[in-house]
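Shown next, in structure tokens, is the structure this report addresses.
The values are calculated or read from the model by the stated rules, or taken from the named source; none is laboratory data. The structure displayed is predicted, hence computed values, not measured ones. Every residue, glycine as well, gets a Cβ built from its backbone with ideal geometry; the counts of neighbours run over all protein chains shown.
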Amino acid sequence: MDSILSVAGVSKTYASGHHALQPIDLSINRGEIFALLGPNGAGKTTLISIICGIVTPTTGSVTVLGHDALTDFRSARRAIGLVPQELSVDMFETVIATVRFSRRLFGRGANEAYLEQVLRDLSLWDKRNAKIMELSGGMKRRVLIAKALSHEPDILFLDEPTAGVDVALRRDMWKLVHRLREKGTTIILTTHYIEEAEEMADRVGVINKGQLILVEGKAELMKKLGKRQMLIALQEPLDAMPGDLSDWDVALENDGKTLRYIFDAQAEHTGIPSLLRKLAELGIGFKDLETSKSSLEDIFVDLVEKKDAA
């Protein structure tokens, strides 16, 4: 794969002694959507801020399109568009003036046709002459994206892009991200909305307490680590779990009306036939079976919990 961004041994320790980032190695492929997952305070924003030149790393290097982000900052930063978590715009300025100003900041010449297309893609063209203070919260967030795209970056960083927005706008943002990728933009997003990564990402990185604990293709991750569960609706509720079922990972739920069995769908023997035989031997009847796979959220929680316990 063609790497567009490389992070090598990057760490960050503040003067207080707080280790915000342990040494991280990461390579981002051209044209992919990469999701960086982690709880609040995990180090997501710190890592992005280092890549974008906002924070200086304690150790390590960042290379963007072959440019060293520390020694050749201008060239590296010109390739990056950043959509921050917080609104950072002049509320008394118009949308079009704000976007034009952002483009000039990166030394780009005027290109009204390109800016018009960006605003149209973001459903902002009809609001181009409106002051930002007059816009809704969702529209203001779109303005941030327009600013980040104004200088035609190769890489777009979205730091918690849908935090605090409603579900409808979140889905609009997902569609926009896919359109940008179709146009060749590499997209890196941080999020704690697992559904966001599940919907959009090609690869997923999981960061917790400053450590990048896993980087994996989304499909491979869910295939490798995803478990399945089977819900067994019982004909008669049970007061307690029979001891004879201790060989299986089963739990009694729904006031004793349901047995939940967790199993590895990739295993040679799932244990389902033997479990059902044991239920029959015990005289425990059931009226329905339902299986479902783990979500990315289940996998994420399991990874973080295992790392915390280690």
Just the residues that are more than 38 Å from the chain's Cα centre (by Cα) and assigned to a strand (DSSP E or B), please, taken from the range 248-293. F286, K287
Looking only at the range 61-76, decide whether some residue is part of a strand (DSSP E or B), under 18 Å from L214 (Cα atoms), polar (S, T, N, Q) and touching a Gly at 6+ places or on another chain (Cβ under 8 Å). no
If you check every pair at least six apart or on different chains, which have Cβ atoms under 7 Å apart with a residue in the range 102-129 that is under 23 Å from V177 (Cβ atoms) and in the same structural domain as R78 (by TED's automatic domain parsing) first and a residue that is surrounded by 12 or more Cβ atoms within 10 Å (Cβ to Cβ) and aromatic (F, W, Y) second? E116/W125; L119/W125
When residues of the range 183-197 are limited to those that are at pLDDT below 90 and not aliphatic (A, V, I, L, M), the one nearest to S27 (Cα to Cα): T190
Which one of the conditions (1) in contact with a Lys or Arg (Cβ under 8 Å, 6 or more places away or on another chain); (2) crowded, with 22+ Cβ neighbours inside 10 Å does L5 fail to meet, given that it meets all the rest? (1)
What pairs come out if I take residues in the range 185-213 that are acidic (D, E) and pair them with residues that are surrounded by fewer than 19 Cβ atoms within 10 Å (Cβ to Cβ) and part of a strand (DSSP E or B) whose C-beta lies under 7 Å away, six or more apart or interchain? D202/G217
Those residues of the range 67-110 which are more than 24 Å from E160 (Cα to Cα) and among the small types (G, A, S), in sequence order: S75, A97, G107, G109, A110
Do any strands (runs of 3 or more DSSP E) entirely within the range 120-220 hold 3 or more residues that are crowded, with 22+ Cβ neighbours inside 10 Å, and if so, which? 155-159, 186-191, 203-208
Report, by residue number, each residue of the range 54-77 that is surrounded by 20 or more Cβ atoms within 10 Å (Cβ to Cβ) and within 18 Å of L105 (Cβ to Cβ). V64, A69, A76, R77
Kindly indicate whether I28 is under 13 Å from F157 (Cα atoms) and in a helix (DSSP H, G or I). no
In the range 233-247, what residues are among the aliphatic types (A, V, I, L, M) and assigned to a loop (DSSP other than H, G, I, E, B)? L238, A240, M241
Does any residue of the range 66-78 turn out to be at pLDDT 90 or above, among the hydrophobic types (A, V, I, L, M, F, W, C), closer than 19 Å to L180 by Cα and out of contact with any Asp or Glu (no Cβ under 8 Å at 6 or more places or on another chain)? no
Of the residues in the range 10-53, how many are over 21 Å from the mean Cα position of the chain (by Cα), surrounded by fewer than 17 Cβ atoms within 10 Å (Cβ to Cβ) and in contact (Cβ under 8 Å) with a residue 24 or more places away in the chain? 2
Within the range 103-117, can one find any residue that is buried (at least 17 other Cβ atoms within 10 Å of the Cβ), in contact with a His (Cβ under 7 Å, 6 or more places away or on another chain) and farther than 25 Å from Y14 by Cβ? yes
Residue selected from the range 247-271 under the condition modelled with pLDDT of 85 or more and among the polar types (S, T, N, Q), by the criterion farthest from S292 (Cα to Cα): N254
